[in-house]
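Report on the following structure.
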Amino acid sequence: MAYRLTQYAHGGGCACKIPPGELEDIVRGLVKAEPRDPVGELLVGLEDGDDAAAVRIEHDTAVIATTDFFTPVVDDPYDWGRIAAANALSDVYAMGGRPVVAVNLLGWPREVLPFELAAETLRGGLDVCGAAGCHLAGGHSVDDPEPKYGLAVTGIGDPDRLLRNDSGRAGVPLSLTKPLGLGVLNSRHKATGERFAEAIEVMTTLNADASRAALAAGVRCATDVTGFGLLGHLHKLARASGVTAIVDSAAVSYVDGAREALAAGYVSGGTRRNLDWVAPHVDLSAVTEQEALLLADAQTSGGLLVAGEIPGAPVIGELVPRQEHTIVVR
């Protein structure tokens, strides 16, 4: 029997995230919580919704901790495992770190889907962690009505050279290391079963090289583009940095078939919620609603959004002194 994993979940990938505005309401009261006698100095926490937490444990070493998991974004379990692992590791790369060790997080409907599919999912995660030079050791599993998979990842970085979303400054260009449009293609895949090879290639590509290139270029500000879309993650970056981002919509690249999927109506609820959240803070008067939806498209395992220039990444805009909006799309 052939199983289509995407049919066993209400949504897929990072489009299943709790909407950004609702999430900020949930965690607002947790920002100032201080532990008793901490081992190290918290460098990056909840304040600006950055990609991972960072704690200085030695003068030249910061521990970077993150976790990410989601429901199937594709039907093939091995591909899903690879995508979920690459996505979880991305948060460490987005902070300028190197992943050291990860553990699996697996939810499985044990009476509905065979464990052979779970094993293939875990194998995909293992292969990606191996390519990243990251140990994958154990984890945790639960019986769950929907299949879910991801990783909890621990990495290390230089505490004085972290890539943060609050370090942007006016006059710096914005670069994006992967094309957009993954969300609409994943929605089409869930609805039709069509396989989009380029989208899978993009989602399984690690952001390791982009992170190293950003550090080598002296970049200090970056984030990755995942469930909140380009506009959502850029809004958080601009807000935290006290600047405005100018986006040249014509410079943004998309995966093949993304515009056709959008025109056919394959837009996730997560993407629409993203646009609703950022709309009051973004000047979208120069683009159509369809273009705005693509810019807010909920990505899974997207690229790095870098405040600076790095080889091979198109420049899609720039940061300027703070204006009325956090983002202006042209």
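The values are calculated or read from the model by the stated rules, or taken from the named source; none is laboratory data. All figures in this text were calculated on a predicted structure; none of them were measured in a lab. All Cβ positions, even for glycine, are placed from backbone atoms using ideal geometry, and neighbour counts span all protein chains on display.
Of the residues in the range 144-155, none is in a loop (DSSP other than H, G, I, E, B), more than 19 Å from residue 118 (Cα to Cα) and outside the structural domain of residue 299 (by TED's automatic domain parsing). Among the criteria (1) closer than 17 Å to residue 228 by Cα; (2) in a loop (DSSP other than H, G, I, E, B), the one residue 277 does not fulfil is (2).
To keep it simple, each residue is scored yes or no on (1) surrounded by fewer than 22 Cβ atoms within 10 Å (Cβ to Cβ); (2) more than 22 Å from residue 97 (Cβ to Cβ).
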{"residue": "186", "(1), (2)": "no, yes"}
{"residue": "190", "(1), (2)": "no, yes"}
{"residue": "200", "(1), (2)": "no, yes"}
{"residue": "203", "(1), (2)": "no, no"}
{"residue": "215", "(1), (2)": "yes, no"}
{"residue": "222", "(1), (2)": "no, no"}
{"residue": "229", "(1), (2)": "no, yes"}
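Looking across the range 280-311, the residues that are surrounded by 24 or more Cβ atoms within 10 Å (Cβ to Cβ) and in a helix (DSSP H, G or I) come down to 294, 295. Residues of the range 57-98 that are of a type in the set (Gly, Ala, Ser) and part of a helix (DSSP H, G or I): 81, 84, 85, 86, 88, 90, 94.
Checking each residue in the range 84-102 for being under 11 Å from the mean Cα position of the chain (by Cα) and hydrophobic (A, V, I, L, M, F, W, C) picks out 84, 86, 88, 89, 92, 94. Of all the residues in the range 211-252, those that are in a loop (DSSP other than H, G, I, E, B) and within 20 Å of the chain's Cα centre (by Cα) number 7.
Residues in the range 99-127 that are surrounded by fewer than 24 Cβ atoms within 10 Å (Cβ to Cβ) and part of a helix (DSSP H, G or I): 11 in all.
For the range 233-243, does any single residue satisfy the condition of being among the polar types (S, T, N, Q) and either within 20 Å of residue 89 (Cα to Cα) or in contact with a helix residue (DSSP H, G or I) (Cβ under 6 Å, 6 or more places away or on another chain) (or both)? Checked against the condition, which is being among the polar types (S, T, N, Q) and either within 20 Å of residue 89 (Cα to Cα) or in contact with a helix residue (DSSP H, G or I) (Cβ under 6 Å, 6 or more places away or on another chain) (or both), the range 233-243 yields no hits at all. Screening residue 323 with (1) at pLDDT below 95; (2) surrounded by fewer than 16 Cβ atoms within 10 Å (Cβ to Cβ) gives one miss only, at (1). Just one of the numbered conditions (1) farther than 30 Å from residue 308 by Cβ; (2) outside the structural domain of residue 40 (by TED's automatic domain parsing) is not true of residue 209: (1).
Residues that are surrounded by fewer than 18 Cβ atoms within 10 Å (Cβ to Cβ) and within 24 Å of residue 298 (Cβ to Cβ) are absent from the range 81-89. If I ask for residues that are modelled with pLDDT under 85, under 21 Å from residue 92 (Cα atoms) and not β-branched (Val, Ile, Thr), which ones from the range 25-45 would you list? Correct list: 45 only.
Counting residues in the range 261-272 that are without any contact (Cβ under 8 Å) to a residue 24 or more places away in the chain, within 25 Å of residue 18 (Cα to Cα) and assigned to a loop (DSSP other than H, G, I, E, B) gives one or more.
So, residue 256, is that one in a loop (DSSP other than H, G, I, E, B), surrounded by 23 or more Cβ atoms within 10 Å (Cβ to Cβ) and not assigned by TED's automatic domain parsing to the domain that holds residue 85 or not? For residue 256, the condition - in a loop (DSSP other than H, G, I, E, B), surrounded by 23 or more Cβ atoms within 10 Å (Cβ to Cβ) and not assigned by TED's automatic domain parsing to the domain that holds residue 85 - is not met. Contact map, the range 46-57: residues that are without any contact (Cβ under 8 Å) to a residue 24 or more places away in the chain and within 15 Å of residue 91 (Cβ to Cβ) paired with residues that are in a loop (DSSP other than H, G, I, E, B) and hydrophobic (A, V, I, L, M, F, W, C), Cβ distance under 7 Å, separation 6+ or inter-chain. Pairs shown: 46/31. Considered as a group, the residues in the range 278-300 that are more than 16 Å from the chain's Cα centre (by Cα) and aliphatic (A, V, I, L, M) include one that is nearest to residue 73 (Cα to Cα), and that residue is 293.
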